[in-house]
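Below you'll find the structure, written out as structure tokens, and then a few comments.
Where a number appears in this text, it was derived from the coordinates with a stated rule and is not lab data. All values reported here derive from a predicted model rather than from experimental measurement. Reconstructed Cβ throughout: ideal geometry from the backbone, glycine too, with neighbour counts over all protein chains shown.
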Amino acid sequence: MARRIMHIDLDAFFVSVEQVLNPELKGKPVVVGGRPDRRGVVAAASYEARAFGVHSAMPLVTASRLCPQAIFIEGNFNRYREVSQKFMAILADFSPYLEPLGIDEAYLDATGFESLHGSIRQMAERIRQRIKDELGLCASVGIASSKVVAKVASDLAKPDGLLEVPAGEEGTFLAPLPVDKLPGVGKKSQQILKDLGVNTIGQLAKLPPERLKSHFGAWGEVLHRYARGIDERKVEPPTSAKSTSRETTFPQDIKDPSFLRAALRYLSERVGSDLRQKGKLARCITLKMRYADFTTITRQRTLEQPTDLDQVIFDTALKLMKRELAGGKQAIRLLGIGASSLVASGRQLDMLDASAQRLAKLNQAIDRIRRKYGFSAIQTGGTLRLKDIFPQSADGDAIHTPGR
């Protein structure tokens, strides 16, 4: 039986969610990511804004210059995550073989489900209709015998379309397409291929694999298979998270140690909250700093005992930051904290460690309040200076890309 893989992608996801909440935004150039007078990048842009050259990861100030009439929205990650969970639940109703890719797209193995829906295409149409009926969102779907071809097909089907590549026609389908349509071919790879005389996927497929390997290593052999539509990767359920992190870019470069300390505290609380929500403890804490000249450094420390306590995360990161700031370098543009080497929670606290028990109970109490009323419903004294840097939305969790 030939494999039938779907790639389902929600169109302009963040923007589309905002348009469902506020229908007046439909048909207008909308940018999610923050205000253009603040530092940050575009998280998502409506198709109307894209017509002016606006795209994801573009600086907000550039987006404003290209499309001054655009409506800029802070966005709300909690809201998007909730809609994403409903989206994934709809897909899971159609097949247990589901592989989420981020928040707004997923692979679905539909092999053998024709008997339930008449055809795989009809199955895809029903998925799209449920997404539209229940979430008010549009989804583009690609269907093929492999993940890579299904992904290319869904990209070509946007917006709000469905494209099926018949089994055996993968190479013919891919051949005329620009080589950058192939997943994994970025600007750097595209330039190398262009120097080799390769502009289309068909030309890439005809290139000797040894030549590709000499330029790209083992990845060259994978590219050669992909260009011919060959991809044997299975649709696999997500593995447990291996790390969690939070970072933010400041509106102005910061050199004030007390202000940086407050920002570090805020980010520590975010990371700690994420860990407890996932039922994980971290063995390693990482500090990330980007200076005004865009030099970026990371510093790590492995803990004696894994933790999910805000205070321990903060104290560890603070020691790393103080050591770095002691060098008297430039002002800071970006600050971030990561927690990695995660293990399952559930370990017994040391009965003699009363301070750790008190901190755990305090975190649990704060988590309950924040779950009910929003993250900003309760603040520690160390973060009060940040109201202007991390302004909150009505329900308490604004997005400021690249940090949150």
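Legend: residue pairs LYS86/LYS242; LYS278/LYS322; LYS86/LYS194; LYS28/LYS206; LYS132/LYS181; LYS158/LYS194, Cα-Cα distance threshold 32 Å; pairs beyond threshold, LYS86/LYS194; LYS28/LYS206.
Taking 16 Å as the straight-line reach from the Cα of LYS213, the aspartates and glutamates in range (excluding those fewer than 8 positions away in the same chain) are ASP195, GLU221.
Classify the range 178-227 as rounded, prolate or oblate from the Cα gyration tensor: take a ≥ b ≥ c as the square roots of its eigenvalues, call it rounded if a/c is under 1.5, otherwise prolate when a/b beats b/c and oblate if not. Because its axes are fairly even, with a/c under 1.5, the range 178-227 counts as rounded. Of all lysines in the structure, those lying under 19 Å Cα to Cα from LYS319, and not within fewer than 8 positions of it along the same chain, are LYS255, LYS288, LYS329. Shape summary: the chain maps onto an equivalent ellipsoid whose semi-axes, from the alpha-carbon gyration tensor, are 40, 25, 24 Å in decreasing order. Computed from the alpha carbon positions, the gyration tensor of the range 38-161 leads to an equivalent ellipsoid with semi-axes of 32, 16, 13 Å, biggest first.
Projecting the Cα positions of ALA326, ILE8, ILE192 onto the charge dipole of the chain (unit charges on Cβ atoms of Lys, Arg, Asp and Glu, taken about the Cα centre) puts ALA326 furthest along the positive direction. In loop segments of the range 178-236 as defined by DSSP, the trypsin sites (Lys or Arg not before Pro) with at most 14 further C-beta atoms inside 10 Å of their C-beta are ARG233, LYS234. The calculated 222 nm mean residue ellipticity attributable to helices in the chain amounts to -12500 deg cm²/dmol, summing -39500 (n - 2.57) over DSSP H runs of n ≥ 4 and dividing by all residues. Taking Cα centre as origin and charging only the Cβ of basic (Lys, Arg, +1) and acidic (Asp, Glu, -1) residues, the dipole magnitude of the range 178-227 rounds to 80 debye. Candidates VAL61, VAL42, SER84 compared by Cα position along the dipole of the range 36-97: farthest toward the positive end lies VAL61, with charges placed on Cβ. The packing ranking of peptides 285-292, 253-260, 154-161, highest mean first, is 285-292, 154-161, 253-260, where packing means the average number of other beta carbon atoms within 10 angstrom of each residue.
Dipole magnitude for the chain: about 1200 debye, using +1 per Lys or Arg Cβ and -1 per Asp or Glu Cβ, origin at the Cα centre.
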